[in-house]
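Peer 1: Here it is: the structure, laid out below.
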Amino acid sequence: MDQARLHLELSLYAQRRLRPALPAAPAPDESRSRELEAEFLEAERAAVAADAAQAPDEPEAFVEWFEQLREAGPGQGDPLFPWLAERASLAQMRWFLAQEVAGEAGFDDLVALTQVRMPVQAKLELARNYWDEMGRGRQAGMHGPLLSNLARALSAEAELATTVWEALALANLLVGLAFDRRYAYHSVGALGAIELTAPTRVGYVDRGLARLGVPKAARRYFTLHAILDVQHSAAWNREVLAPLVAEVPQAARALAEGALMRLRAGARCFDRYRRELWRSEPAELAEFR
């Protein structure tokens with residue numbers, strides 16, 4: 001099966017699992033989708049296994065290893081984002097955002113799924129992070145709807161049929177890790193990698209949106225994350241990663257694999273986005289390569 005068909009099928013499977021429903025008869029046979037998801041997750045895991053094996057299993061050293069991913073991890077410093085900030089047209093930014101919305105698996109729900117039966121200290125920090133994602137109990141501050149509002153304002157709503165498979169694969173990866181408790185520590189590592197690396201990228205996107213005249217109120221999702229994710233990352237590393245490695249040293253490799261799997265999937269997206277957006281690139285954009 002080619003990648004586009006695979007990830008469209010897995011995306012539909014993820015939607016069925018995440019969407020609230022009532023008992024139905026007959027229940028769909030999802031054994032094929034579960035098998036495809038398992039094969040996908042293991043292939044992604046195998047691709048990063050050698051690099052993840054270098055992660056130390058001592059808490060302080062592990063956090064140091066993890067934090068260097070901000071500069072040296074897959075996809076970091078990708079030229080796509082300075083280009084979005086400085087050169088992208090409104091149509092190009094709209095296309096980019098539609099892909100990102102399609103690849104957004106819902107950080108709040110992923111955290112909620114991941115925290116199940118985690119040790120207390122990690123669970124408390126995951127709960128604080130979740131509460132921030134939920135706007136601290138205010139609907140106007142919920143992060144998910146803020147992104148949806150921006151997409152509507154720019155007519156950049158996601159459609160699976162027009163989304164590149166790399167963006168779907170990113171969402172499928174995160175949902176698969178969060179749902180399967182065998183990958184619970186992988187999910188923690190993947191979500192921690194998002195908090196670690198997102199601030200720089202969202203800052204560039206926010207600058208690009210401002211340059212294109214998008215009102216500050218509509219840009220609030222990116223403005224908010226540029227500030228909060230720095231705080232979340234420091235707390236995540238201190239209150240989640242270090243205690244988990246201290247309590248379960250063998251989890252260090254799973255945490256490292258999850259982080260690298262997420263960053264590799266992101267890098268794959270950035271490469272595809274550049275190829276699509278720079279297809280008829282004028283010569284002066286070569287500086288961004």
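Peer 1: Scanning for something hydrophobic (A, V, I, L, M, F, W, C), modelled with pLDDT of 95 or more and within 17 Å of the chain's Cα centre (by Cα), does the range 18-32 turn up at least one residue?
Peer 2: Of the range 18-32, the ones hydrophobic (A, V, I, L, M, F, W, C) are 18, 21-22, 24-25, 27.
Keeping just the survivors that are modelled with pLDDT of 95 or more gives none.
Scanning the range 18-32, I find no residue that is hydrophobic (A, V, I, L, M, F, W, C), modelled with pLDDT of 95 or more and within 17 Å of the chain's Cα centre (by Cα), so the answer is no.
Peer 1: Now, a different point. Does Val214 satisfy being within 24 Å of Ala127 (Cβ to Cβ) and either surrounded by fewer than 21 Cβ atoms within 10 Å (Cβ to Cβ) or modelled with pLDDT of 95 or more (or both)? Let's see the steps before the verdict.
Peer 2: Details: within 24 Å of Ala127 (Cβ to Cβ): no; either surrounded by fewer than 21 Cβ atoms within 10 Å (Cβ to Cβ) or modelled with pLDDT of 95 or more (or both): yes.
No: the conditions fail for Val214.
Peer 1: Please enumerate the residues belonging to the range 55-88 that are farther than 19 Å from Ala198 by Cβ and without any contact (Cβ under 8 Å) to a residue 12 or more places away in the chain.
Peer 2: Of everything in the range 55-88, those that are farther than 19 Å from Ala198 by Cβ and without any contact (Cβ under 8 Å) to a residue 12 or more places away in the chain turn out to be Ala61, Glu64.
Peer 1: Within the range 118-213, which helices (runs of 4 or more DSSP H) (wholly inside it) include 3 or more residues that are within 25 Å of Asp2 (Cα to Cα)?
Peer 2: 165-179
The values are calculated or read from the model by the stated rules, or taken from the named source; none is laboratory data. Please read these numbers as outputs of a predicted model, since none were measured by experiment. Reconstructed Cβ throughout: ideal geometry from the backbone, glycine too, with neighbour counts over all protein chains shown.
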